[in-house]
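Have a look at the structure below before the remarks.
No lab work stands behind these numbers, since they all come straight from the coordinates. Keep in mind the model is a prediction, meaning the values are calculated, not measured. Note that each Cβ is placed from the backbone with ideal geometry, even for glycine, and that neighbours are counted across all protein chains shown.
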Amino acid sequence: MKKSFKIRFMFSVIFAILGVIFQFMKIENCIYEMKLISVISFLISYFIIGIDILNKAIRNIFRGNIFDENFLMMIATVGALVIGEFPEAIAVMLLYQIGEEFQSIAVGKSRDAIKELMQIKPETANVYRNNELISVKPEEIKIGETIVIKPGEKVPVDARIITGKSSFDTKTITGEPVPKTIGPQEIIYSGTINLNKVVEAKVMKKFEDSTVSKILELVEDATSKKAKTEKFITKFAKYYTPIVCFLALALAIVPPFIFNQEFSEWLYRSLTFLVISCPCALVISVPLGFFGGIGGASKNGILIKGSNYLEALSKAKYIAFDKTGTITKGVFEIQTVVSVDISEQELIRIAAHAEKFSNHPIALSIKNKYTGKYDDKKIENLEEISGKGIKAKIFFKETLVGNAKLLKENNIKFKEIANPGTVIYVAIEGTYKGCILISDTVKKEAKEAIFDLTKAKVKGSYILTGDEEKIAKQIANEVGIENCFGNLLPEQKLEKLEEILKLKKKKQSVIFVGDGINDSPCLARADVGIAMGGIGADAAIEAADVVIMTDELTKIAQAIRISKATMKIVKQNIIFALVIKIAVLILGAMGYANMWLAVFADVGVSIIAILNSMKTLRIK
């Protein structure tokens, strides 16, 4: 809780206790003074804890928004003060403020932190002007100019390479973890990172029209499209507050006028009616129920950023996944080794020696498989052929290790494999010796997670990825996902997600699960965006509404189960509180409910509802 709230709460309680002490203190010839001090203590206590609610209520009255929960809290507690029930007025306000504080804590960090996404924007660019290479801001680059991208630099704007060839990290745009080799006449997108060689490129688009700007714009637009969920209590108060206010007013005026009875008696009933009507059980137990569900989820490594997302999770019917780093580990491993007239171990040993000095993810997967010792003296004349592989003399034999293009260029006879994934072919002394199939590995719990989602009544599942569609479809079939779309840029991913959103009915929601910066627009646009927190990009985590801190896909179904159990408890509280309130309101209007029963209808029901809400902390 905030320090300021703790201080206010503490002083309010202190003055309330003083009020009670002076109320019952009897000193001869000072009884009036003791009562006056008691009243003053109670009023100080009330204003310390309730001044902000009173301010909100009064401001909203002048704005024309009269009947909200602040107004009802004001008239109910002022009513209690008028009839002399000072402790009741203070207790009601204290309980209400505690509920508000719980709600404030549950909401968590603001989505403004999505500005972290701006880190993908390049700060400077190298451009040729007047035969001189100068550094300018990306916004100042003009179409047709020549820019230079050095190793380690981000591409500032979309451009076409003129000279040079290099590997580019495209994860920020496509989500594909494997660096892509791009050469002359090919397009490089802004936001991607040059990994190893200097290239020159001709500018195709202004910065504001480039890919990196589009991603930032998509996130902003998607966030604005997601409507803020109004608090349940505010919606309820729009109808409940004016009804009870007019009923209380009628109760004070109509019977004395019609039946010619004492006005003071019916005023007392009216004020008692207002005290009973205070929706304390709802304004505390409802946010507390959500807070408990959020707290229970966090114990299981699931961070839910607000009660509205918890509610949306309980209505999940469609779910879309990014592939790399979400369904798969984002780490390449050898899946199959095919050897011809040579052992598998020897094939791996030769390939590992050929890739000895490379840090490419494919090379790393081969070297991770090899457990023997390296003999650098047996690696001679090593030549890296960009986009094709390695040519070298390994163990005194001419060796080729690379893709099909490399073997075809060297007239090696072999049978090309059409399996999805990356295939590394090995030829020794002009003879094909086998191949190594390498691919991103599916998370071991992925299939179970999809099955659990089906049990949780999520009826539609999708993969939306920038990776090759044939690879994505194989993975979709393996884990049980029904639909798959590949080769998607961020804006195309968002378009597909929009199509899925159109399929849902009024009380249904769509989930998107991702981990990369390129997933941020979809995470922001979906009814519930879920980020894989352990390996996810900071921008994706900030754009998401739910973060799975352990990266376990099975936690998604668990989050849905927690949300549904929480909503069940919240609805129980609402029904229980309303039934008791209505019953006691009727008794109060008839004169059968005194202030003690009013206290039960308010504080008693609140305590019962709060105890029920605490069950959400123990949801398994």
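Numerical summary
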quantity	calculated
Estimated FRET transfer efficiency (GLU445, ASP341; beta-carbon r; R0 45 Å; 0.05)	0.70
At R0 = 51 Å, FRET efficiency that the Cβ-Cβ distance of GLU132 and LYS378 yields, to 0.05	0.60
Rounded FRET efficiency, nearest 0.05, which uses the C-beta distance separating GLN492 from LYS142 and R0 of 30 Å	0.60
Sparsely packed GluC sites (Glu not before Pro) within region 1-89, loop by DSSP, other Cβ within 10 Å at most 15	GLU28
Linear extension gain, VAL331 paired with GLN23, 0.36 nm per residue minus alpha-carbon span	103.7 nm
Spin-label model distance (nm) - LYS3 vs ILE575, 7 Å beyond Cα toward Cβ	4.6
For region 482-491, Karplus couplings with θ = phi - 60° (6.51, -1.76, 1.60), whole Hz, Gly/Pro x	6, 10, 8, 10, x, 6, 9, 7, x, 5
Placed amide H near THR328: partners under 5 Å, 5+ positions off or other chain	LYS443
Global form of region 1-59, assessed from the alpha-carbon gyration tensor, a/c cut-off 1.5	oblate
Shape category assigned to region 347-465 from the gyration tensor of Cα positions, a/c cut at 1.5	prolate
Exceeding the 29 Å Cα-Cα cut-off - candidates LYS315/LYS493; LYS150/LYS415; LYS367/LYS405	LYS150/LYS415
Extended-chain gain in nm, criterion 0.36 nm per residue less alpha-carbon gap, ASN411 and LYS165	86.1 nm
Percentage relative contact order, region 356-434, counting C-alpha pairs under 8 Å, at least six apart	20
Percentage relative contact order, region 370-505, counting C-alpha pairs under 8 Å, at least six apart	13
In order through region 157-164: 3J(HN,Hα) via Karplus (6.51 cos²θ - 1.76 cosθ + 1.60), integer Hz, x for Gly, Pro	9, 5, 8, 10, 5, 9, 9, x
Point-to-point label distance, LYS504-ILE243, nm (Cα→Cβ direction, 7 Å offset)	2.9
Net length gained if the chain between GLU33 and PHE259 were fully extended (0.36 nm per residue, minus Cα distance)	77.4 nm
